[in-house]
1. Sorted by mean Cβ packing within 10 Å, highest first, what order do the peptides A:7-14, C:36-43 take?
2. Once you charge only the Cβ atoms, +1 for Lys and Arg and -1 for Asp and Glu, what is the size of the charge dipole of chain C about its Cα centre, to the nearest 20 debye?
3. Do any of A:53/C:71; A:21/A:75; D:3/D:60; D:2/D:60; A:75/C:71 go past 21 Å between their Cα atoms, and which?
4. What are the DSSP H helices in chain B that stretch 18 Å or more along their long axis, judged by alpha-carbon atoms, and whose average Kyte-Doolittle hydropathy comes to at least 0.0?
5. Taking a probe of 1.4 angstrom, what is the accessible area of residue D:66 in Å², to the nearest 10?
6. Shape verdict for chain B, please, from the Cα gyration tensor: rounded (a/c under 1.5), prolate (a/b greater than b/c) or oblate.
7. Would you tell me the mean number of C-beta atoms belonging to other protein chains that fall within 10 Å of each C-beta in C:65-71, as a whole number?
8. To the nearest 10 degrees, how steeply does helix C:2-33 sit against the main Cα axis of chain C, on a 0 to 90 scale?
Amino acid sequence: MLYLILAIVLSAILTFYRVIKGPSVPDRIAAMNSIGVMFLLVLVLLSYYFERKIFIDVALIYGVFLFINVLVMSKYFSEPEKGGVGD
Amino acid sequence: MINLIFNLLMIFLVITAFFMVFTKDISNSVIALPVFGVILVVIFVILQAPDAAMAEAIIAAGLTTVFFVITINKTEY
Amino acid sequence: MIDFIHSLSQLLVYVFLLTGIYFLFSTALGMIRFPDFYTRLHAGSKCLMAGGIAVLMGCIVLEGIGFVSLKLIVLILFLVITNSIAIHVIASFADNYNILPKTIVENDSDE
Amino acid sequence: MKKILLFLITLALWFVFAGRVTIEVFLLGTIICSILSLMFVDNGFKLVQMKYETKEFLLKIYYILLVIISFIYDVFLSAVRVSRHAFEIKPSFSPRTVRIKTSLENTNSMAMLINFITLPQGTLAMDFDNLSKNYFIHWIDVHSDDEAEIKKARISKHENLVSKLFG
């Protein structure tokens, strides 16, 4: 089980290269979404390693807030010339 | 084996924090904030503290990022 | 007979988890190597969702029948509905942000 | 009828999230779920447009299971095709953007079709024009015009399935 967690963490570190060197803002948002889902799977697998079933609730709560993050980021990061979109 | 994963996550946390401080544009710094939050959640889970992990998932990945994004949109940067 | 079923389910768990690891690693490799934004988004949506569904189904087979597997089924349904909406919102935002595809071939055939 | 159905659904979700069945969980869940079902009985069913009989309702559940199973199968089939490009020495693509006109009337089914296009079969819905009902779709792996016609027929097959579900 631990080798699987190690492989997922290594792939998340490789994906973080796209956050550092992304040419534009939507590249970075897509890479952030991928890293979030990968660590959500790590939380589910850690629940089976420690044999405590309460850790799945942490994964559920994190999934809700990752969705809210992506929606708010792609709504409010507009072009700099357009100015504020408003609320 | 669990110590190796723990040390790897610690190094990843330091890399994320340095990227957030030393980047040029301010929106890149805000995008890297949820990644910082989720690594901290996994570290809390490995240290056997699920209630602190839930609070961290709500605060760092949910509330703070939304406040920063709306504040950047309202002001001229 | 009961030993055979147990070993078969154990084999199924290994197949699901290794498939999930293959798709997640190809996601990370495709994020780095692909040349364009929209092709990068293909790698970030489809391989990621296939890897996630495979890992969670492996956990369901490992668990058996109980409340925890019901919670994981709810997590699969939530992830499928949520992530497709998120990818479509990112693509629409990039279209407003004036990012053009690299080789654009307009094929206007409306019927 | 609607109140009892909504109450049972929320109570089942409450038991799944609680994780165990005892008498305290049942009493607290009854109070909370009755308040929720009284609050959302008007707004919740306006989204789904619930106007069917019970026999048609069981048929709808069968169609929903069919849609989910074909969805998951299509995601795996497409992910193999994309991940084969990631391990090549020099990745080569031939993407193109295509405009497709839809014939669906209902708003919910159009939003459902967008989510259904985005994940499987190598497509990615970029934008949606609300007046003329056109989708802008970004495709990967299309080499000639004949192949484009075959894939366009596959989209219309999914469109029939969605229109059968929502009417």
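The values are calculated or read from the model by the stated rules, or taken from the named source; none is laboratory data. Keep in mind the model is a prediction, meaning the values are calculated, not measured. Glycine gets a Cβ as well: all are built from the backbone with ideal geometry, and neighbour counts include every protein chain shown. To get the accessible areas, we keep the full protein, side chains included, count just its heavy atoms, and leave off ligands, DNA and RNA. Shrake-Rupley method; radii C 1.70, N 1.55, O 1.52, S 1.80 Å.
1. Values: A:7-14: 19.1, C:36-43: 22.8.
Highest to lowest by the protection proxy: C:36-43, A:7-14.
2. Values: 5 positive and 8 negative charges, 100 e Å.
For this selection, approximately 480 debye.
3. On the way: A:53/C:71 11 Å; A:21/A:75 23 Å; D:3/D:60 19 Å; D:2/D:60 16 Å; A:75/C:71 31 Å.
Where the Cα-Cα span goes over 21 Å, the pairs concerned are A:21/A:75; A:75/C:71.
4. On the way: long enough: B:2-22 (31 Å, 2.55); B:33-46 (20 Å, 3.26).
In chain B, the long hydrophobic H runs are B:2-22, B:33-46.
5. Its heavy atoms expose roughly 70 Å² to the probe.
6. Numbers: a/c = 5.18, a/b = 1.61, b/c = 3.21.
Judged from the Cα gyration tensor, chain B comes out oblate (a/c at least 1.5, b/c at or above a/b).
7. Details: counts 0, 2, 8, 6, 0, 6, 8.
Whole-number average of other-chain Cβ neighbours for C:65-71 is 4.
8. For helix C:2-33, the angle is close to 20 degrees.
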